[in-house]
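What follows is a single structure, written as structure tokens, with notes after it.
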Amino acid sequence: MTEPASRARQLTKTYGSGDTQVVALDSVDVDINTGEFTAVMGPSGSGKSTLMHCLAGLDSITKGEVYLGDTALAGLNDTALTKLRRERVGFVFQAFNLIPTLTARENITLPQDIAGHKVDVDWLNQVIAILDLESRLSHKPTELSGGQQQRVAVARAMAARPTVIFADEPTGNLDSRSGAELLGFLRRSVDENGQTIVMVTHDPAAASYADRILFLADGRIVDEMREPTPDKVLNRMVAFERLPQQGE
Amino acid sequence: MLTATLRTAFAHKGRLVLSTLAVVLGVAFVTGTLMLTNALDRTFVDIIEGSAQDVQVTREPAVGQEITTDPGDSAPLLLSDDAVATVQGVPGVSAAAGGIAREGVYLIDSSGEVAGAVGPPAIGLNWESDPELNTNTLTAGRAPERKNEVAVDDVTFGKLGIAIGEPISVVTPSGTVDAELVGTFKFGETGGLAGATLAAFEPKQAQQLLAEPGYWTAIDVAVADGYTDEQVAASISEALGDGDLLVRTRAEQVEQQSDELRDGLAFFNYIMVGFAAIALFVAAFLIYNTFSILIAQRGQELALLRAIGATRVQVLRSVLVEALIVAVVSVILGVGLGYLLALGLAALFDSFGLSLTAGIGITASAVLWAALVGIVVTLLAAIVPAYRAGRIKPVAAMREIGASDERIGKVRTAVGVVFLLATAALMATGLASDDGGSRALLVALGTLLLLISVVILAPLLSVIVVSVIGPLFSLLGRTTGRLSVRNALRSPKRMATTASALTIGLGLVVAVTVITSSAKASLGELVDQSFGAEFVVGTTAQQPFSTEVADEIRNVDGVEYVISESGGPVSIDGEETGITAVGGGPLDEVYSVEDVSGDFGQLESGQAVVNTEYAKEQGWDLGSEVRILFPSGDERSFEIVGIYASNGLIDGLVIPLDDYREVGGASQDRSLYVTLTPQADTQQVLADIEAVADTNPLLQVLDQTELKEQTESQLNQLLYLVYAMLALSVVIAAMGVVNTLALSVIERTREIGLLRAVGATRRQIRAMIRAEAILMAVLGAILGIAVGVGAGLALQRAMADAGIEVLDIPIATLIVILVLAIIIGVVAAAVPARRAAKLDILKAIATE
């Protein structure tokens, strides 16, 4: 394997101070392998979203180191981080992914437009074809279904050929059919284009599309699973749920 | 429900700050004006009361009572020593004496300038030695007792820089007097003069300089104990037996003079309140926008209230209560700020020499007006948003409400078009009208209607204008520019309301600018084409000066004619009108007029010329006899010898100045036109004339170019004053831009967060918000310029007869206004843009 697309060493993230201090991430070491689809799971408050935000350069780090490729994120100022995000990171959020005043196509090329970069038209057309968006390009977000909107968001994330795409509950607001479709697209982009994807989810079915699942609890990585199936994931989660009770 | 309302208002107080501030400014302007005029009123009434006599006898002018200010260049209406003796003999009169007071007596200070302000009267009077009749109190030195001694009021004394016992020059209607300053006195009870200056002479010299030997301008009477003023006044009237004499008691003097004063102040008040109304009107747009946006943002919250059982009326009422809170807070702050504003203006007046001795006070009527205006404007502006809030359906609570695109109502467009057509019809009717007065009125109304039409059509016009100018914004960065234009277009109504607030202020600025510029251009052309004199001799504020000046200039080598122009109120066939009197040379030497029938040259005694329109109106022709009644009571006949087409220099009925002087008119000159002989050395003549004019520091000698410059600078002063007044509404409109942007940044928090997440830098976010602000401001300016130029054009056409014949659209000023709009946009965007750029990305994305 080549070097990891993203990695964290002794990553600690705390909010507040003194008595009210909350440790969101506690000395996390993690490598996100290039060309892999990684899912991050865990109960609410386990720190899975925080981990993603820190890896993506959206949130600051309290202690430790985070690398995107071989770039250390700690110490980058806001402008450098912004530049890094638009050139090397793709985002898909749970909801509100698109700028309502722009058409689907304009939304897809938004990061390149903002950066003033030329759009790679061949690649763009390929992405649009993969996501089956050809007929929707001139529509405004309000004229698209939820699934279509999320596909536009994925296309935007892929358009810049980022080092990593971070997806935060991308299917959270979709019905199961649209969700499955979207996950299928993500899977294909990993298989066919070698795209690295990190996806936060609490849905075992969604997680089962990944190559590898990281399980977080109380700000630590407590387990990981390769070649998951929905049943295996569900069982593992049920086991987690029981853990505290066993401890009592 | 009330608790919920108060909580909401409190929770959103940040979003209401600018609306409140806008109302505060409008209210402050209203209250400040009212408090200032109240102080002016009390100051002047103090002066009037301080100088009133128990009973005073004056001669009533035969015509001209409608003209309240004494022009000062008519011969005073006199009472003889005999009349004084008659009054002294009336039972109940404890003391009576002739008195003189006349305007046009200027004190020259140590630096050779006229003491006191330009505007307030400079009065000459006689020193009354009888303490019963003298309203003034000696404060230093002694009273004037001999010829060429003068005492001055102590306020003016402080500004003279001349000590008691030193020589002083006094400019009087009968020439300049070299006198000695012998004493100072306090005027009336308060000593306040509001900028007027007083110079007292001993009675004989006062008569000689200001009236005629043996004559007075008034008889002052002190009433003996045991008699009322009314009884004595009645007895005096009877004893004098002259219907042309006015005998007034103290109460009547105060009442009549106060009424005259209040008419003047009321005019000032109307103008100031008019500007305040414009500012408040603009503030109403801001309030309307704020509440509309707040209600759009709170849609779900309001729907929830409806879902859990609040009635439509309760929701509506809750919004209005919120507006009422804004109004009450604004009124309280506005009255406070208005008080400070009035104090500031009073200080400014003081620096001009107009001391408001009565002081500024918070008056009940100012507070009541402020409360009424502030509350009514705020509630009216909030009523439509409140009604819309009430119409939110409970089911909306379950739906996600975003900032959705809105459509421009067809009804609104239709109403707008109807208004626009009505505007066109009104303007066309106005311009077609024969009567100058109704023409100006209809066109002015049309201007107002035009503004309203544009405000109604603003959303549609905004979309059109933005589509045209939008592409320019891609210069600011392709995506940023595109996003700004799209954001602005997302809510055309909101953008239009914000921009129209600016349109109103700037539209009026442009209209006034076009008119002023046209007036300047017309005047320039008039002077070039119709003005035949080489020099004009006169004073800046049209103060009259001694006729000796004209006589001396006539003696200068190389001067051909010195033509004096004067005029005043007369009565023709029972109708009061104004006439012009010209003497000293042929008319055509100084006035170039067209379409003359008959003569337009040297007017002989008993001859008159008249302009075509007035002749037609009166049915006069060459040879017609016109009977004119003058203020002195004299009536004379004149024969029409010429009919001419009027221009801005000369208009109406013109009679010989000598005839006018014989009936008491123009005892002084106001301006002299000087023509030269062909061989004259212009520079030498100018130097000689200036030497003559130097005897009176008020006088200046101007050639044609300087005359143009001076009238232009006078028009500019007026223009700047109007600009200053309209600045308030432009400032409030700029606050509206800030307000709309700030609220829309809050509304678009998630969107901005997303832009930041996918790689927009803070600088790009700032640029985007700034571009939106510039777009709105430039839109407001473009609509304002369109309205202003349209209105200015119509007004110029309407006033073409009144001397504004040339249309001049000042392109440079329009460009300045556009640049100003861009600056307004940049400044208005500063805070919202910074706030948007500083949004925490994660929090922004998480915002619901």
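We did not get these values from a lab; they are worked out from the coordinates using the rules stated. The model shown is predicted, which means the values in this text are computed figures rather than measured ones. Note that we place each Cβ from the backbone using ideal geometry, even for glycine, and neighbour counts take in every protein chain shown.
Counting, for every residue in A:88-95, the Cβ atoms of other protein chains within 10 Å of its Cβ and taking the mean gives 3.
If you average the sequence gap of Cα pairs under 8 Å that are 6 or more apart and divide by the length of chain B, what percent do you get for the contact order?
It rounds to 17 percent for chain B.
Bridge orientation summary for the protein assembly as shown: considering DSSP beta bridges with both residues in this region, about 75 percent are antiparallel.
Remark: chain B carries a charge dipole of roughly 10560 debye about the Cα centre, counting +1 on each Lys and Arg Cβ and -1 on each Asp and Glu Cβ. For the stretch B:127-195, the list of GluC sites (Glu not before Pro) that fall in a loop by DSSP and count at most 12 other C-beta atoms within 10 angstrom reads B:145.
Cross-link check: pairs A:83/B:843; B:393/B:493; B:410/B:838; B:159/B:520; A:63/A:83 evaluated at a Cα-Cα cut-off of 29 Å; pairs beyond the cut-off: B:410/B:838; B:159/B:520.
Residues whose amide H falls under 5 Å from that of residue B:591, counting only those 5 or more places apart or on a different chain, are B:532, with hydrogens built in the peptide plane. With the simple spin-label model, which puts each label point 7 Å out from Cα in the Cβ direction, the residue B:703 to residue B:312 separation comes to 7.8 nm. The HN-Hα couplings worked out from phi for the stretch A:22-38 by the Karplus form 6.51 cos²θ - 1.76 cosθ + 1.60 (θ = phi - 60°) are 10, 8, 8, 10, 10, 6, 8, 10, 8, 10, 9, 6, 5, x, 10, 9, 9 Hz, whole numbers, x standing for Gly and Pro. Only beta bridges with both residues in the stretch B:547-695 are counted; by DSSP, about 75 percent of them are antiparallel.
Measuring nothing but how far apart in sequence close Cα pairs (under 8 Å, 6+ apart) lie, relative to its length, the stretch B:61-243 scores a relative contact order of 33 percent. Each 10 Å bin from zero up to the one holding the largest Cα-Cα distance in the stretch B:547-695 carries the following percent of pairs: 11, 39, 31, 14, 4.
Each Cα pair under 8 Å and six or more residues apart adds its separation to the average, and for the stretch B:547-695 the resulting relative contact order is 35 percent. Distant-in-sequence amide contacts of residue B:245, defined by a placed amide H-H separation under 5 Å and a gap of 5 or more residues or a different chain, comprise B:60.
A simple rule links phi to the HN-Hα coupling: the Karplus curve 6.51 cos²θ - 1.76 cosθ + 1.60 with θ = phi - 60°, which for the stretch B:723-729 gives 4, 4, 5, 7, 4, 4, 5 Hz, with x for Gly and Pro. Seen from all directions on average, chain B presents a Cα convex hull projection of 43.0 nm². Once a ≥ b ≥ c are taken as the square roots of the eigenvalues of the Cα gyration tensor of the stretch B:573-645, is the result rounded (a/c under 1.5), prolate (a/b larger than b/c) or oblate (a/b not larger than b/c)? Note, shape of the stretch B:573-645 comes out oblate. Each of A:124, A:51, A:20 was placed along the dipole of chain A (beta-carbon charges, centred on the mean Cα), and the one lying farthest toward the positive end is A:124. About its Cα centre, the dipole of the protein assembly as shown is roughly 11080 debye, where the only charges are +1 on Lys and Arg Cβ and -1 on Asp and Glu Cβ.
For the protein assembly as shown, the pair-distance distribution built from all alpha carbon pairs, in bins 10 Å wide starting at 0, is 2, 8, 13, 15, 14, 12, 9, 8, 6, 6, 4, 2, 0, 0 percent. Averaging 1/r over every pair of different alpha carbons in the stretch B:61-243 and inverting the result gives a Kirkwood radius of 17.3 Å. Taking each DSSP H run with n ≥ 4 as -39500 (n - 2.57) and averaging over every residue of chain B yields -19500 deg cm²/dmol at 222 nm. Neighbour counts of C-beta atoms inside 10 Å place A:52, B:495, A:237 in the sequence A:237, A:52, B:495, starting with the fewest. Counting Cβ atoms of other protein chains within 10 Å of each Cβ in A:217-223 and taking the mean gives 0. In chain B, a dipole from Cβ-located charges (positive for Lys and Arg, negative for Asp and Glu) runs towards its positive end, and of B:105, B:199, B:416 it is B:416 whose Cα lies farthest in that direction. Which of rounded, prolate, oblate describes the stretch B:673-720, given a ≥ b ≥ c as roots of the alpha-carbon gyration tensor eigenvalues and a/c under 1.5 marking rounded, otherwise prolate only if a/b is larger than b/c? Oblate, since a/c reaches 1.5 and b/c is not below a/b. The stretch between residue B:45 and residue B:637, if pulled fully straight at 0.36 nm per residue, gains 208.9 nm over its current Cα-Cα span. Computed on the Cα trace of chain A, the radius of gyration divided by the Kirkwood hydrodynamic radius gives Rg/Rh = 0.97. Placing unit charges on each Cβ (+1 for Lys and Arg, -1 for Asp and Glu) gives the protein assembly as shown a dipole about its Cα centre, and among B:32, B:606, B:332 the Cα reaching farthest toward its positive end belongs to B:332. Averaged over the residues of peptide B:760-771, the number of Cβ atoms from other protein chains lying within 10 Å of each residue's Cβ is 2.
Taking θ as phi - 60° and the Karplus parameters 6.51, -1.76 and 1.60, the scalar couplings of the stretch A:198-215 work out to 10, 10, 8, 7, 10, 9, x, 5, 5, 4, 5, 6, 7, 7, 8, 10, 9, 9 Hz in sequence order, x denoting glycine and proline.
Distance between the 7 Å Cα→Cβ label points at residue B:340 and residue B:12: 2.8 nm. Close amide H pairs (under 5 Å, H built 1.01 Å from N) link residue B:565 with B:670, B:671, B:673, residues at least 5 positions away or on another chain.
Magnitude of the charge dipole for chain A, about its Cα centre and with charges confined to Cβ atoms of Lys, Arg (+1) and Asp, Glu (-1), is about 360 debye.
Which of rounded, prolate or oblate describes the stretch B:345-465 when judged by the alpha-carbon gyration tensor and an a/c cut-off of 1.5?
Oblate is the answer for the stretch B:345-465, as a/c is 1.5 or above yet b/c matches or exceeds a/b.
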